[in-house]
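In what follows, a single structure is set out as structure tokens and then discussed.
The values are calculated or read from the model by the stated rules, or taken from the named source; none is laboratory data. Since the structure is predicted, the reported quantities are computational estimates derived from the model, not experimental observations. Here the Cβ positions follow ideal geometry from the backbone for every residue, glycine too, while neighbour counts run over all protein chains shown.
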Amino acid sequence: MASFAPSNTRAARRLHRLWSYGDALTPARWPWPLPALVGWCLAWALCLALRALQAPATLALVLALLAIVPLVRSQSGWRRAIVAAGFPLSALATGWVDSMPAWAWLVALALLLGLYPLRAWSDAPWFPTARGSLDGLERVLAPAPQRVLDAGCGLGHGLSALRRAWPGARIEGVEWSRPLAWWTMRRCRWASVRRGDLWAESWADFDLVYLFQRPETMARAWAKAKAEMRPGRWLVSLEFEVPGVAPTARLHGGGRREVLAYRVGAAPAAGAAKEASTGGRAGR
Ligand SMILES: C[S@@+](CC[C@H](N)C(=O)[O-])C[C@H]1O[C@@H](n2cnc3c(N)ncnc32)[C@H](O)[C@@H]1O
């Protein structure tokens, strides 16, 4: 939730007090691990209440999981996984899940495979780029890229971060998971999003390709960038380095993960890569 700047008028002060109260009700502002504890308790309470009302175990489990989706979404990274996994894992550990029919597991597996086809797992499952992670990158990479690709764009968080950095650029995303691609096409109508394989797509026409994948992906991505992208273009990775290649610039943007920028066709960096705070520059 955006912060509200206090002003001197009485109405504005009242509004500010109301707003602050709203903040206290926002799980994203709660101290950790309160969101996880509230989520787990809420899910169990709902589940047990539904069972007491004779609801089938599978339905109770699914509804309890759906009820905590807003809490899960309020967190990021591993915290999100912890909030989401606590209830199903504790249900499993207590043996409560044994009362579910076998077909329910097959349905769950089919849903998971629909959401994340196997090829997507070999690179990276869904972890979103945190808001602000790429802030400052526009001051480090010059000139501004005109055409940008998020390779494996998930639910579009990377697309949004790229848009914050270069609002005037043409932003595109490719995503292997059909449901994620479908959803992102609707969520980010200002971007050009398609369902496809990031390795099969040509990167030749992009000024910048952004990746938030896995450490194992980076060597292949760099080989592809060198083979297809024009000299002077950029491969940008959140968190993961290209093994054995010094980045042209490093950036600590607004997130806790480091951003690494590799300029295609750049002479090998002698010594340490250029360190950039949000005000750094590594122009041509
Ligand atoms: C860690 S998420 C990053 C999502 C997004 N780029 C962001 O930063 O918010 C990685 C995404 O890449 C997708 N992915 C993995 N392998 C892929 C492939 N071969 N082609 C297209 N997308 C892929 C996954 O489905 C997942 O949504």
Worksheet, complete the sentence: Residues of the range 211-224 being at pLDDT 95 or above and farther than 20 Å from residue 134 by Cα, in sequence order, are 219, 220, 223, 224
Practice prompt. Specify the residue that is farthest from residue 213 (Cα to Cα); the eligible residues are those in the range 139-151 that are touching a strand residue (DSSP E or B) at 6+ places or on another chain (Cβ under 6 Å), at pLDDT 95 or above and of a type outside the set (Lys, Arg).
Written response: 145
Discussion item. The conditions are (1) within 9 Å of the ligand (Cβ to nearest atom); (2) within 15 Å of the chain's Cα centre (by Cα); (3) at pLDDT below 95; (4) farther than 23 Å from residue 228 by Cβ, and residue 160 fails exactly one of them. Which is it?
Written reply: (3)
Discussion item. Being at pLDDT 95 or above, within 12 Å of the ligand (Cβ to nearest atom) and touching a Leu at 6+ places or on another chain (Cβ under 7 Å) is the filter here; which residues of the range 185-210 pass it?
Written reply: 188, 191, 209, 210
Discussion item. Among the residues that make up the range 211-225, is at least one of them within 21 Å of residue 144 (Cα to Cα) and not in a helix (DSSP H, G or I)?
Written reply: yes
Response to the item:
Residue hits (the range 226-251; within 16 Å of the ligand (Cβ to nearest atom), at pLDDT 95 or above and either part of a helix (DSSP H, G or I) or acidic (Asp, Glu) (or both)) are 228, 241
Practice prompt. Using the structure shown, decide if residue 229 is among the hydrophobic types (A, V, I, L, M, F, W, C) and in contact with a strand residue (DSSP E or B) (Cβ under 6 Å, 6 or more places away or on another chain).
Written response: no
Discussion item. Residue pairs, Cβ under 9 Å, 6 or more apart or interchain, first in the range 149-160 and farther than 9 Å from residue 180 by Cβ and of a type in the set (Asp, Glu), second in a loop (DSSP other than H, G, I, E, B) and more than 6 Å from the ligand (Cβ to nearest atom). List them.
Written reply: 150/156; 150/191
Worksheet item: Name the residues in the range 163-180 that are more than 7 Å from the ligand (Cβ to nearest atom) and closer than 14 Å to residue 128 by Cα, would you?
Response: 173
Worksheet item: What are the residues in the range 232-265 that are among the polar types (S, T, N, Q) and within 21 Å of the chain's Cα centre (by Cα), if any?
Response: 237
Worksheet entry | Residue, nearest to the ligand (Cβ to nearest atom), within the range 124-157, restricted to residues that are in a loop (DSSP other than H, G, I, E, B) and surrounded by fewer than 17 Cβ atoms within 10 Å (Cβ to Cβ) | 126
Worksheet item: Does the range 263-279 contain at least one residue that is at pLDDT 95 or above and outside any loop (DSSP other than H, G, I, E, B)?
Response: yes
